[in-house]
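For reference, the structure discussed in these notes is given below.
The values are calculated or read from the model by the stated rules, or taken from the named source; none is laboratory data. What you see is a predicted model; the values in this text were computed from it and never measured. Here the Cβ is made from the backbone with ideal geometry for all residues, glycine too, and neighbour counts use every protein chain on show.
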Amino acid sequence: MVGIRSYGGYVPRYRLNRMAIFGNMGWLNPANLMNAQGEKAVANFDEDSVTMSVAAALDCIKGFERSEIGGVYFASTTAPYKERLNANIVAGALAANEMIRTADFSGGLKAGTSAILAALDAVSAGSANNIVVTAADCRLGKMGSPQELLFGDGAAAVLVGDEDVIAEYKGFFSSGYDFVDHFRGANSIFDRQWEDRWIRDVGINTFIPEAIKGLCEKVGLSPGDFSKIIYPTYYGGARKKINKVLGLEPDKIEDNLQAAVGDTGTAHPLLMFAKALEQANPGDKIMLVSYGSGCDAIYFEVTENIKKLAPRKGVSGYLGRRSDLDNYTKYLVWRRMVPVDTGLRGEEDKWTRWSLVWRKHKVILGMLGSKCKKCGTQQFPEQRVCVNPDCGAIDEMEPVYVSDKGGKIFSFTSDMLAASINPPAMYGGVDINGGGRFVMDFTDCTLDDLAVGKPVEFTFRIKFYDSKRDITNYFWKAVPISEEAE
Amino acid sequence: MAEGIKDKVVILGMGCTRFGERWDASPEDLLIEAFLECLEDAGIEKKDIQAAWLSTHIDEINVGKGGNFLGLTLHLPFIPITRTENFCASGTEAFRGACYGVASGAYDIALAVGIEKLKDTGYGGLPDSPAFGQMAQMIMPNATAPGMFAQLASAYSARYGIPMEKVKEAMAHVSWKSHQNGAKNPRAHLRRPVTKEQIMAAPMIAYPLGLFDCCGVSDGCACAIVTTPEIARKLKPNEDLVKVKALQVSVSSGEEVWYNKWDGAGMLTTRTAAKKAYEEAGIKDPRKEISMMEVHDCFSITELVTMEDLGISEPGGAPEDILSGFFDLNGEIPCQSDGGLKCFGHPIGASGLRMLYEVYNQLLGRWPEDRAVKNPKLGLTHNLGGVPNQNVCSVAIIGRD
């Protein structure tokens, strides 16, 4: 049986109230008031589509061994690299085997479901198994644009395989149209769109029903036979019309998360799907539909295995873990939309030495440490000489990944001198659970969240961005775990 | 069995520039200023110098690599010159090189120079450089010196259960004392006394270190000429001589940064170097025997924990000692009588030699009454380079015979 074995979601911690955006930019476009309800999820200054994908993928593979991963597919229209496979960065952070199938999917917002279909096909064909499919987007609208209000940041992931599936793959329908409602040229940063009414009436109201009906015809079901039909669109009127045309009751429709997250692009259908699976029961028929340059519609049937899935944060967990970003200009700076002065210190050149990065890529991407076979001491980063002063054994190490171990704060500070687009830079010593100590950046927190002895978990983030060479470097940071979340 | 350096080397002369924002002075000017004072004090001629050691830390924006700067500026006649770089201990390393050169019998007279021209960086604080190598840049936080040293305070407070307010109060006393002393010193960078209230209310640089908890960076140069006791006695038959009693260096083993046993509330290197230095100098009870100290107060918290690491204060006892005035100019062991890094200034490569310059002149009773230490016999200098979890520590002890 081929299908979904597991799912995970990720919504970044910071939420920007849309009225805060409108309060700053409404003067430019007063009609935007109608888009200024609720809040949008905003990637932190050190997050992008790759890091959010890693977070969702880690949520997804809870309870699975990293050695089981047989492929990593990454879908996004906001990948940090055009050349350098982004999926490999994700796979590296998951510390997956490197002799697996990896691929990036991009170009349209249906790339997330296209990646799922490609994974389902590969597993069905016996070419690969246990493929992590992850999708994320962090799309930008210009200041004062509707997109700036409507888009949100987030990620989701599913594990596609042929054992113990929680949702069996039962069929698909696909279309591809060069219908240009939104586009970005190869050198564009901001989304550009055609008139809303045309998008709604000719695009959404045509292609989504077509895909839903098309799939129903292929599998001999009617829309009403499905427990949930999941499709993205933030046009309220269009949703009403589609539901009416297809005869769908409101409880059969998954919430589009517009009020709490915003449209997360390629990730959005997967994010809604991950959320729906949190509530799904064995026997539920779920249809997952994407929209953007055409549609994919995929039919899953939930199995008994869903009850056995290991607990995870999931979309709901991350929705509950939130902080207000009460500063619109900070959002602009985080997204590099406005130039900002980090002082002359911030202008010092930081090279990325690719030969070094390759030699140490498992340490950098996967947090590879060592465990001494003589004395059992776990240490990070990898060592050849045991750091235990009473041992000191040489070349007696076995590899151990510590990214999932978490730790406790040993020392900390909050540094206003370090050049940063998000001062103060918070960092400190962390005692890694199971052994080892390292000085790490803290993120998704304030100074008040830091205390000696407080537990932390590790999260894959942008380490530094080299704007001169357009290089995004990644490493792990520590996030304090609040007591109520433990 | 190694005998150590005790009494094998005499400081024949020393020189030190005014530290500060020396916008007017090139590194060459600074060198010549300190060198002339040093040469005159030693009572020798340039041609008598047989070998030299040159300390700089950040060569890239400073005087460049190697020993050439010293040879070219003073036109030293093709003598051996070795550049030393060991973070903030670089200056003491140059001194150690010169002393070992003389003690080994290889040279009669040697020169140690420390220099740093930091104010051409264009910004405050030390330059942002990959000081711990390229890999560290990929995985370590983009940390600054205040941020790394500030963590001593959080770990110290947790280790001894001393509330941060109390630690901050002791830290404020440390900075207050340095400003008191620096204000009296015409060669100091910062010469204005400040109140403890000003210190406590200053803007935060790196929690819990405020502006006055951090030393600035300065331009400056200091140097020493050393020789054997026999030659010194011949050259200065009727003067007190200052002899080297101990020279120790200790470098982190990785235990602090990667292993889980270090308490983070002080430096293992300082604890190690101090113990060895006392042994080398034959000191049994440093709290009773040491007359004065110049320690590496790059940050007030560094000075605080160093009092314990040097074995002067009991573990957890430094705040009490500090607040009781034990280390004030009129206290039992005056510490930073010249204003320290905090107020005299911190041109990295020169700082170790600047500390020796202060102790040397105090031992010889050369300073005016208002900033003189009473009848000092033994003085200790201490440098701590790098950051608390990976550092280089040097401890030197010199004494008047």
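When B:229, B:203, B:237 are screened for being surrounded by fewer than 21 Cβ atoms within 10 Å (Cβ to Cβ) and touching a residue at least 12 places away in the same chain (Cβ under 8 Å), only B:229 passes. Considering only the range B:241-259, I want to know if a residue exists there that is at positive phi, within 14 Å of chain A (Cβ to nearest Cβ) and modelled with pLDDT of 95 or more. Scanning the range B:241-259, I find at least one residue that is at positive phi, within 14 Å of chain A (Cβ to nearest Cβ) and modelled with pLDDT of 95 or more, so the answer is yes. Every listed requirement among (1) out of contact with any Pro (no Cβ under 8 Å at 6 or more places or on another chain); (2) part of a loop (DSSP other than H, G, I, E, B); (3) within 12 Å of another protein chain (Cβ to nearest Cβ); (4) under 30 Å from residue A:83 (Cβ atoms) is met by residue A:468 save one, (3). Could you tell me which residue of the range A:389-401 is nearest to residue A:430 (Cα to Cα), considering only residues that are hydrophobic (A, V, I, L, M, F, W, C) and away from chain B (no Cβ under 11 Å)? Looking at the filtered set, the residue picked out is A:400. Evaluate the following for residue A:319: is it assigned to a helix (DSSP H, G or I) and within 12 Å of chain B (Cβ to nearest Cβ)? When the stated conditions are applied, residue A:319 does not pass them. From A:454, A:405, grab the single residue that is more than 7 Å from every other protein chain (Cβ to nearest Cβ), among the charged types (D, E, K, R) and either more than 19 Å from residue A:54 (Cα to Cα) or in contact with an Asp or Glu (Cβ under 6 Å, 6 or more places away or on another chain) (or both). Testing whether each residue is more than 7 Å from every other protein chain (Cβ to nearest Cβ), among the charged types (D, E, K, R) and either more than 19 Å from residue A:54 (Cα to Cα) or in contact with an Asp or Glu (Cβ under 6 Å, 6 or more places away or on another chain) (or both) leaves just A:454. Based on what the data block shows, is residue A:221 in a helix (DSSP H, G or I), in the same structural domain as residue A:170 (by TED's automatic domain parsing) and either of a type in the set (A, V, I, L, M) or surrounded by fewer than 22 Cβ atoms within 10 Å (Cβ to Cβ) (or both)? Taking the combined requirement at face value, the residue does not satisfy it. Out of A:373, A:360, one residue alone is out of contact with any helix residue (DSSP H, G or I) (no Cβ under 9 Å at 6 or more places or on another chain) and outside the structural domain of residue A:163 (by TED's automatic domain parsing). It is A:373. Of all residues in the range A:421-435, those satisfying the criterion of being in a loop (DSSP other than H, G, I, E, B) and within 9 Å of chain B (Cβ to nearest Cβ) are A:424, A:435. When A:330, A:313, A:308 are checked against the criterion of being buried (at least 20 other Cβ atoms within 10 Å of the Cβ), over 30 Å from residue A:205 (Cα atoms), modelled with pLDDT of 95 or more and out of contact with any strand residue (DSSP E or B) (no Cβ under 7 Å at 6 or more places or on another chain), A:313 stands alone in meeting it.
One residue stands out among those in the range B:58-91 that are among the hydrophobic types (A, V, I, L, M, F, W, C) and assigned to a strand (DSSP E or B): the one that is surrounded by the fewest Cβ atoms within 10 Å (Cβ to Cβ), which is B:81.
State which residue is nearest to residue A:456 (Cα to Cα) when the search covers only the range A:396-417 and only residues that are touching a residue at least 60 places away in the same chain (Cβ under 8 Å) and part of a loop (DSSP other than H, G, I, E, B). My answer is A:406.
Candidates in the range B:19-45 are the residues that are assigned to a loop (DSSP other than H, G, I, E, B) and in contact (Cβ under 8 Å) with a residue 12 or more places away in the chain; of these, the one that is surrounded by the fewest Cβ atoms within 10 Å (Cβ to Cβ) is B:23.
Can you find a residue that is closer than 30 Å to residue A:427 by Cα and in a loop (DSSP other than H, G, I, E, B) anywhere in the range B:240-253? Yes, that holds for at least one residue.
Of the residues making up the range B:321-366, those that are surrounded by fewer than 24 Cβ atoms within 10 Å (Cβ to Cβ) and not in a loop (DSSP other than H, G, I, E, B) are B:321, B:323, B:360, B:361. Determine whether the range B:130-145 contains at least one residue that is touching a Lys or Arg at 6+ places or on another chain (Cβ under 7 Å) and more than 10 Å from chain A (Cβ to nearest Cβ). No - not one qualifying residue is present in the range B:130-145. Condition first: within 22 Å of residue B:361 (Cα to Cα) and not in a helix (DSSP H, G or I). Now tell me which residues in the range B:265-297 satisfy that. Residues satisfying the conditions are B:283, B:290, B:291, B:292, B:293, B:294, B:295, B:296, B:297.
Part of a helix (DSSP H, G or I) and out of contact with any Leu (no Cβ under 6 Å at 6 or more places or on another chain): does that describe residue A:336? No: the conditions fail for residue A:336. When the range A:436-451 is filtered for residues that are within 7 Å of chain B (Cβ to nearest Cβ) and more than 25 Å from residue A:370 (Cα to Cα), only A:447 remains. Could you please find all residues in the range B:109-129 being away from every other protein chain (no Cβ under 14 Å) and under 20 Å from residue B:217 (Cα atoms)? Selection gives B:113, B:114, B:115, B:116, B:117.
If you go through the range A:345-388 and pick out every residue that is part of a helix (DSSP H, G or I) and either more than 11 Å from residue A:400 (Cα to Cα) or away from every other protein chain (no Cβ under 11 Å) (or both), you end up with 14. Reported count of residues in the range A:389-427, each being polar (S, T, N, Q) and surrounded by 22 or more Cβ atoms within 10 Å (Cβ to Cβ), is 4. Counting the residues of the range B:146-165 that are more than 8 Å from chain A (Cβ to nearest Cβ) and closer than 23 Å to residue B:56 by Cα gives 1. Scanning the range A:152-176 for residues that are surrounded by fewer than 24 Cβ atoms within 10 Å (Cβ to Cβ) and in a strand (DSSP E or B) gives A:168, A:169, A:170, A:171, A:172, A:173, A:174, A:175, A:176.
Being closer than 30 Å to residue B:145 by Cβ, within 11 Å of chain B (Cβ to nearest Cβ) and in contact with a strand residue (DSSP E or B) (Cβ under 6 Å, 6 or more places away or on another chain): is that true of residue A:342 here? No.
Take the conditions (1) without any contact (Cβ under 8 Å) to a residue 24 or more places away in the chain; (2) out of contact with any helix residue (DSSP H, G or I) (no Cβ under 8 Å at 6 or more places or on another chain); (3) away from chain A (no Cβ under 14 Å); (4) part of a loop (DSSP other than H, G, I, E, B); residue B:106 misses just one of them, which is (1).
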